[in-house]
Amino acid sequence: MKYDLIVIGSGPGGYVAAIRGAQLGMKTAIVEKYPTLGGTCLNVGCIPSKALLDSTEHYHNAAHTFKTHGIDLKDLKVNLKQMIARKDDVVKQNVDGIQYLMKKNKIDVHQGLGSFVDKNTIKVTKDDGKSEEITGKNIIIATGSKPSSLPFIEIDKKRIITSTEALKMNEVPKHMIVIGGGVIGMELGSVYARMGAKVSVVEFMDSLIPSMDKTMGKELQKSLKKLGFEFYLKHKVTAVKNRGKEVTVTAENSKGEAVEVKGDYVLVSIGRRPYTEGLNAEAAGVKINDRGQVEVDEHLKTSVDNIYAIGDVVKGAMLAHKAEEEGVLVVEQLAGQKPHINYNLIPGVVYTWPEVAAVGLTEEQLKEKGIKYKTGKFPFMASGRARASMDTDGLVKVLADASTDEILGVHMIGPRTADMIAEAVVAMEYRASAEDIARMSHAHPTYTEAFKEACLAATENRALHI
């Protein structure tokens, strides 16, 4: 079968690229190794984790804040089996939705492992060993990523687990040890802490979510401590052992002393690695660097003229929405259009509660670049809307150029900041100043007033409600 476009991988980058290709009149095929479409995000990543985060936040509120709201409950308990079943149903609805979109856009779905035969030919090997070959004028590699580990850790998927296993547990851990203080560890740690698990975080760096603005890591740590988290920052893990029903993590602290933490589960969440196993990229002449990433130029073209790569398998943030933007960019380029991506304005979100969201440069990056800036902050404690919903943890921090007032970075931790950050992205896309936002009417009472107040604070320190 001959196609204008073949996409290998059906995650958010891959399926969106396929849809845009079909919209632009390309005869399009998508190749997916697994039986369901949607990749990591829909099946074992963003969507199922958000389903569990929502369920457990409801439980936590029922247990801890309903009484204050004037709602009395009796015999409240977690039904983990039902919680997992609901999560599975949410995943199924989304996966079915992608299947529908493929059909609607007349995209051929080939299930099996896609591997290069040459620069135009893909061999699709099915689970039963049978195979077929399809050819394409242009090919996009969108094979995503897999959880990383350390060489001395054996992931047994029973007691020593990754995020994939953490999404389908059949009991609430008594004590979960999380290796890695990044996004995935904090989200899944929150899921089980809310249900009563003790959660200990062992992190090599000196703060949580270390790639984000330091203020966010500090504020998140304060909030998670209230959930009962304990932290071992600046600790280097040296050994992880499964001893039956107990697991032991050994780490070295900043003084070089050995520290041992015992629990019943260890979640290894130290990041993800690009996934190209079985792709046989060398058969097409596609270069893969020593970090396992497919090498691409600024147009996301690989070392081969008709082959492109997007998403987690190339450099840059491993985020579903970044992959989607890249998929659209590649296909529109192929159609002769002139799309662009502003990588500085790809927002990052942590779906803990409070949520953390950011766009643009951090304060640490501004200092490193020698850019003079001013800061405006506004705490949710001073927000009437946040007090009404009992979500007063966190703040909004705006960083603006010291001379032009252009907003250079926005960092938020608080209620619904994952949605609020979109306003900052729009503002920065149009190169708004803090004064611009400060003079725009924001509905009262809303959480987004905190962004306006932080902008007022950044411009001559004139926030109105603190």
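With respect to being open to solvent by less than 20 Å² (accessible area, probe 1.4 Å), in contact (Cβ under 8 Å) with a residue 24 or more places away in the chain and not in a loop (DSSP other than H, G, I, E, B), Gly189 fits the description. Every test in (1) part of a helix (DSSP H, G or I); (2) out of contact with any helix residue (DSSP H, G or I) (no Cβ under 7 Å at 6 or more places or on another chain) is passed by Arg431 save one, and that test is (1). Among the residues of the stretch 321-375, the ones that are part of a helix (DSSP H, G or I) and under 26 Å from Leu208 (Cα atoms) come to 13 in all.
Of the strands (runs of 3 or more DSSP E) lying entirely inside the stretch 66-177, those carrying at least 2 residues that are touching a Lys or Arg at 6+ places or on another chain (Cβ under 7 Å) are 113-118, 131-141, 145-147.
Taken over the stretch 280-289, the criterion of being touching a helix residue (DSSP H, G or I) at 6+ places or on another chain (Cβ under 9 Å) and of a type in the set (A, V, I, L, M, F, W, C) is satisfied by Ile288 alone. Residues in the stretch 19-30 include none that are under 14 Å from the mean Cα position of the chain (by Cα), assigned to a helix (DSSP H, G or I) and either crowded, with 20+ Cβ neighbours inside 10 Å or of a type in the set (Gly, Ala, Ser) (or both).
When the stretch 1-18 is limited to residues that are assigned to a helix (DSSP H, G or I) and open to solvent by less than 10 Å² (accessible area, probe 1.4 Å), the one that is nearest to Arg194 (Cα to Cα) turns out to be Gly13. The number of residues in the stretch 434-448 being part of a helix (DSSP H, G or I), open to solvent by 40 Å² or more (accessible area, probe 1.4 Å) and over 25 Å from Ile341 (Cα atoms) comes to 1. When restricted to residues that are touching a strand residue (DSSP E or B) at 6+ places or on another chain (Cβ under 9 Å), open to solvent by less than 60 Å² (accessible area, probe 1.4 Å) and assigned to a loop (DSSP other than H, G, I, E, B), the stretch 197-229 contains 9.
Kindly evaluate Tyr265 against the criterion of being over 20 Å from Lys157 (Cβ atoms) and open to solvent by 10 Å² or more (accessible area, probe 1.4 Å). No: the conditions fail for Tyr265. Within the stretch 277-292, the residues that satisfy the criterion of being open to solvent by 30 Å² or more (accessible area, probe 1.4 Å) and part of a loop (DSSP other than H, G, I, E, B) are Glu277, Gly278, Asn280, Gly285, Lys287, Asn289, Asp290, Arg291. Note on the stretch 236-271: residues that are free of Cβ contacts under 8 Å to residues at least 60 places away in the same chain, in a strand (DSSP E or B) and in contact with a Lys or Arg (Cβ under 9 Å, 6 or more places away or on another chain) amount to 4. As for the stretch 128-135, it holds no residue that is touching a helix residue (DSSP H, G or I) at 6+ places or on another chain (Cβ under 9 Å) and either surrounded by 13 or more Cβ atoms within 10 Å (Cβ to Cβ) or not aliphatic (A, V, I, L, M) (or both). The lone criterion from (1) open to solvent by less than 40 Å² (accessible area, probe 1.4 Å); (2) within 30 Å of Lys225 (Cα to Cα); (3) in a loop (DSSP other than H, G, I, E, B) left unmet by Met318 is number (1).
The values are calculated or read from the model by the stated rules, or taken from the named source; none is laboratory data. Predicted model only: the values in this text are computed from it and were never measured. Note that we place each Cβ from the backbone using ideal geometry, even for glycine, and neighbour counts take in every protein chain shown. Just so you know, the surface numbers come from the protein's heavy atoms only, side chains and all, with ligands and any DNA or RNA stripped out. Shrake-Rupley method; radii C 1.70, N 1.55, O 1.52, S 1.80 Å.
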